[in-house]
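What follows is a set of notes on a single structure, which appears directly below.
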Amino acid sequence: MSARYVLYGTAASPFVRKVRVVLALKNVAYDFEPVNVFDPPDWFKAISPLKRIPVLKDCERNATLADSSAIALYLDRAHPAPLLIPDDPWLAGRCAWLEEYADTEFAYRIGMGVFRARFFNPRIGKPVDEDLAQKTLREHAPRFFSYFESQLGEGGHFVGDALSLADIAIATHFVNFGYGGERVDPARWPKLAAFVDRTLALPAFAALIEEEAAALGIAR
């Protein structure tokens, strides 16, 4: 019997990884179908109007849902254990804000400026753009990292006292930051560095990172 859900996307995508971590934490079975977002099949364009990944298909509903945030919200309502978006209205709003911040400005600057510049470019036949990487590390990374450092609670989470979607949404981009050869300086941002190490060591993250490393040929 096939799984209820099919997730379409690319393994190294931080947005796809975010949803896969949510599915793993909730112990929800799914089938993963790779899609090349740079040359997607025609049928994929019909279910992803923005031509982005991931897309989740709910086979019981015979319906699809695009966008990692929308998918995570649906999964949290459909499979509430463990709850990753708090019930408390303020905490839920804070969770949504931090996820949005991670998925937009942070993802763009760090993804394009480090991951793409150093890691992805050579894989598509383009040269490493070290000038862009250095500019990103010098001009952009510190403001993101300082903000995240200031937002972490005493318990090591971004929202409340438990793992939330905000934690997952932020941590997933640090995987790609690592693929770009970088890590958070623990001397300058000790709480953030500890958060990243601790969160990426969770079995739900660690298993995916190992899977990706094997697929991408990254030595670990």
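All of the numbers you see were taken from the coordinates with simple rules; none came from a lab. All of these numbers come straight from a predicted model, not from anything done at the bench. FYI the Cβ positions are ideal-geometry reconstructions off the backbone, even for glycines, and counts take in every protein chain you see.
Listing for the model above:
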| read-out | value |
| --- | --- |
| Cα→Cβ-extended label distance, 7 Å offset, between D185 and V6, nm | 4.8 nm |
| Potential lengthening between A213 and D58 on full extension [0.36 nm per residue; Cα-Cα distance subtracted] | 53.0 nm |
| Sorted by Cβ density within 10 Å, fewest first, the residues W43, W97, W189 | W43, W97, W189 |
| Ordering of 123-129, 173-179, 32-38 by burial proxy (mean other Cβ atoms within 10 Å per residue, highest first) | 173-179, 32-38, 123-129 |
| Two-site label geometry, T104 and R77: point separation in nm, points 7 Å out along Cα→Cβ | 2.2 nm |
| Net dipole in debye of segment 5-78 [+1 Lys, Arg Cβ; -1 Asp, Glu Cβ; about Cα centre; nearest 20] | 220 debye |
| The chain: calculated mean residue ellipticity at 222 nm from DSSP helix runs of at least 4, using -39500 (n - 2.57) | -14000 deg cm²/dmol |
| Exposure proxy order (Cβ contacts within 10 Å, fewest to most) of D42, D58 | D42, D58 |
| Positive-end extreme of charge dipole, the chain - chosen from P41, L25, T64 (charges on Cβ) | P41 |
| Distance in nm between pseudo-label sites at A92 and S150 (7 Å out along the Cβ direction from Cα) | 2.8 nm |
| Backbone HN-Hα couplings from phi across segment 181-187 [Karplus 6.51/-1.76/1.60, Hz, Gly and Pro as x] | x, 10, 8, 6, 6, x, 6 |
| Whole-angstrom gap from segment 1-43 to segment 147-220, using each part's C-alpha centre | 20 Å |
| Long-range HN-HN contacts of F32 with modeled amide H, under 5 Å | L7 |
| Structure-derived Rg and Dmax of the Cα atoms in Å - corresponding label in (1) 18.1, 62; (2) 17.1, 51; (3) 18.7, 58 | (2) |
| Hz values of 3J(HN,Hα) by residue in segment 35-40 - Karplus curve (6.51, -1.76, 1.60), Gly and Pro given as x | 9, 7, 5, 7, 8, x |
